[in-house]
1. Which one is nearest to the chain's Cα centre (by Cα), of the residues in segment A:152-166 that are in a strand (DSSP E or B) and facing chain B (nearest Cβ under 7 Å)?
2. Given (1) touching a residue at least 40 places away in the same chain (Cβ under 8 Å); (2) more than 22 Å from A:Ala244 (Cβ to Cβ); (3) of a type in the set (D, E, K, R), identify the lone condition not met by B:Glu288.
3. Go through segment B:21-42 residue by residue and tally those that are in contact (Cβ under 8 Å) with a residue 60 or more places away in the chain and not aliphatic (A, V, I, L, M).
4. Restricting attention to segment B:135-176, which residues are in contact (Cβ under 8 Å) with a residue 40 or more places away in the chain, crowded, with 19+ Cβ neighbours inside 10 Å and either more than 14 Å from every other protein chain (Cβ to nearest Cβ) or not in a loop (DSSP other than H, G, I, E, B) (or both)?
5. Is it fair to say A:Asn201 is under 24 Å from the mean Cα position of the chain (by Cα), farther than 30 Å from B:Ile314 by Cβ and within 14 Å of another protein chain (Cβ to nearest Cβ)?
6. Check B:Met274 against each of (1) assigned to a loop (DSSP other than H, G, I, E, B); (2) without any contact (Cβ under 8 Å) to a residue 60 or more places away in the chain and name the one condition it does not meet.
7. Has segment A:24-35 got any residue that is surrounded by 18 or more Cβ atoms within 10 Å (Cβ to Cβ), away from chain B (no Cβ under 14 Å) and over 30 Å from B:Thr129 (Cβ atoms)?
8. For segment A:93-141, what are the residues that are among the small types (Gly, Ala, Ser), more than 9 Å from every other protein chain (Cβ to nearest Cβ) and either crowded, with 20+ Cβ neighbours inside 10 Å or more than 15 Å from A:Val58 (Cβ to Cβ) (or both)?
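The values are calculated or read from the model by the stated rules, or taken from the named source; none is laboratory data. Everything numeric in this text was worked out from a predicted model, so none of it was measured. FYI the Cβ positions are ideal-geometry reconstructions off the backbone, even for glycines, and counts take in every protein chain you see.
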Amino acid sequence: MKILTTIKKVVDVELNINVENGAIIEDGLQYVMNAWDENAVETAVQLKEKNKAETTLVNIGSGDDNTKIIRKGFAMGIDNAIQIDDPALENSDPSIYARIIQKVYENGEYDLIITGKQAQDTDSGQTGIILAEFLGLPCVSNIIDIEAVGDQHIKVSRLGDAGTEILELELPAVVTVSDGINEPRLPAMRGIMMAKKKKINVMDLAGLGTSWEELGGGSPQSEITEFLKSETRQAGQKFEGDAAEITAKVVDLLANEAKVI
Amino acid sequence: MTKILVIADIKDGVLKGSTKELLSKAKAIGAETAVAAIGSNIESLSADLANAGSDTQYIADDADLELFTAGPFASCVVDAAKLFEADLIWFGFSETGKAVAPRVAAKIDAACASDITDIEIDGGQITITRPAIANKVMQKIKINTKQLVAVVRAGAFEADPGISGSENVVKLSAPEPDLKAVIKEVVSDASGEIDLGDADIVISVGRGTKDQAGIDLVKGLADDLGAGFGSSRAMVDAGLLAQNKQVGQTGKIVAPNLYMAMGISGAIQHLAGMTGSKTILAVNKDPEAPIFNVADYGIVGDLFEVVPILREEIKKIKG
């Protein structure tokens, strides 16, 4: 089985993020691998361990932070890495990312594409699903379990509105993974050392066999025009002391001030 | 006139409140409204769908649609959108919406926006507002396609009890089944439970609830209040609660009138799922717990002591 997984560099959401004049202040931000992509990498590596798969990751971007997360993917056990690095790609929308991964897929022969269910920076959750639609492949999003069924099928569990949905997919297919699927491994020292020596296959859009125009880059479907500060809640009244007394007080406030019970 | 197609949220054969919220917003911006209802044994819902504020009801009712699969569901939405000539296609905040909206957008070559909290339409130019980066910022996004497919964030729009529609049913033909993604069964069935998205009160438990006894204690309070029952990630990871209970960036996003956080410290990922609530009550032993920074009312104390008193005091008030 040949598995393609996608990894994205995202801002570390644990840090404070400030907005000024409609833009995010970049100073002091740190970048990490999107947490759900770590789950995607872990899923790929576990499938490889069980089923002799070859695993490849694809990353869109440039700079040290992207190199760092690619190396982490190697250290976790990914075999090959493709990086699409082209200056045209700043601020692309999900459909353009999906078109790029479509090209990567078409240039290789993959049986399974695994993406995180969403990215921590945009929280959009679209790219993997749109990609499947572009490729005409079956797709299940938000999965919490996966196993190979012979060479041609996989069985997945999806967290849906009705409960946990069990589906069987014909390969090739696309899945997007939830964080509930696994606990991403911490790379061992040996893996980290080996990861430093591995070659990253870097290419620009021409190298990928496409162009900004062909991807629809000249006319994006949507554009972020402005960032605004979120309205933050203020801390309200906090009560300490005798449990019976303060609880009665809070129930009174819920009923008579907030009027919610 | 802008035409807005709202995809009905149906659970256990009942129309959920979010559908009316979306239709209310659509009417408020002066749009012509239609609703698409997709499922099995749902034809009897046509009057409810009209009462929720739709003027046309596109209904796909087929035994094959009983169990959700995204492909056939998306085909039905595309059919309804074409018949209605919809400009905007809106989904309520659900796993169904999140799975189907991007497919529909790709099929009709439209932009897709997830998790929107507001929308402006100015001379045909659509601009949406949505949170990003675990709610830490808001984005304004300009839509460059004529059509937009959007998933509306829970609690973003309010239902207008005064709106109504008219019954005008258009039947959609059954979609082709997806032979490459076949649903086999649904386990840990969520039917019969109070839906977190619809509940006026949601009570969630966290690490401080400790164990099954703690969960049962808080569930008692939830039962008293008819509240939805949620969880932080800690209790899901500990295997004490199912993943569909998880409130947060990766799970359910809720915006009830009252959210009670029991023994939840308030990690950023959890806050991203509940800070849209109107009123927040937090109970936690640690006075420095970050949950108190977003709570309207905070009780510093042991929930094993506090919850029984809460139940008693609430019973006194509610009689």
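1. So the first thing to find is which residues in segment A:152-166 are in a strand (DSSP E or B), and the list is A:153-160, A:163-166.
Still in the list and also facing chain B (nearest Cβ under 7 Å): A:159-160, A:163-166.
Values: A:Leu159: 17, A:Gly160: 19, A:Gly163: 23, A:Thr164: 21, A:Glu165: 21, A:Ile166: 22 Å.
If we take residues in segment A:152-166 being in a strand (DSSP E or B) and facing chain B (nearest Cβ under 7 Å), then A:Leu159 is nearest to the chain's Cα centre (by Cα).
2. Of the numbered conditions (1) touching a residue at least 40 places away in the same chain (Cβ under 8 Å); (2) more than 22 Å from A:Ala244 (Cβ to Cβ); (3) of a type in the set (D, E, K, R), the odd one out for B:Glu288 is (1).
3. Residues in segment B:21-42 being in contact (Cβ under 8 Å) with a residue 60 or more places away in the chain and not aliphatic (A, V, I, L, M): 5 in total.
4. B:Leu148, B:Val149, B:Ala150, B:Val151, B:Val152, B:Phe157, B:Gly165, B:Leu172, B:Pro175 - these are the residues of segment B:135-176 that are in contact (Cβ under 8 Å) with a residue 40 or more places away in the chain, crowded, with 19+ Cβ neighbours inside 10 Å and either more than 14 Å from every other protein chain (Cβ to nearest Cβ) or not in a loop (DSSP other than H, G, I, E, B) (or both).
5. On the way: under 24 Å from the mean Cα position of the chain (by Cα): yes; farther than 30 Å from B:Ile314 by Cβ: yes; within 14 Å of another protein chain (Cβ to nearest Cβ): no.
Judged against the criteria, A:Asn201 is not a match.
6. (2)
7. No.
8. If we filter segment A:93-141 for residues that are among the small types (Gly, Ala, Ser), which is where we start, we get A:95, A:98, A:108, A:116, A:119, A:124-125, A:128, A:132, A:136, A:141.
Now narrow it down to the ones that are more than 9 Å from every other protein chain (Cβ to nearest Cβ): A:108, A:116, A:119, A:136.
A:Gly116, A:Ala119, A:Gly136 - these are the residues of segment A:93-141 that are among the small types (Gly, Ala, Ser), more than 9 Å from every other protein chain (Cβ to nearest Cβ) and either crowded, with 20+ Cβ neighbours inside 10 Å or more than 15 Å from A:Val58 (Cβ to Cβ) (or both).
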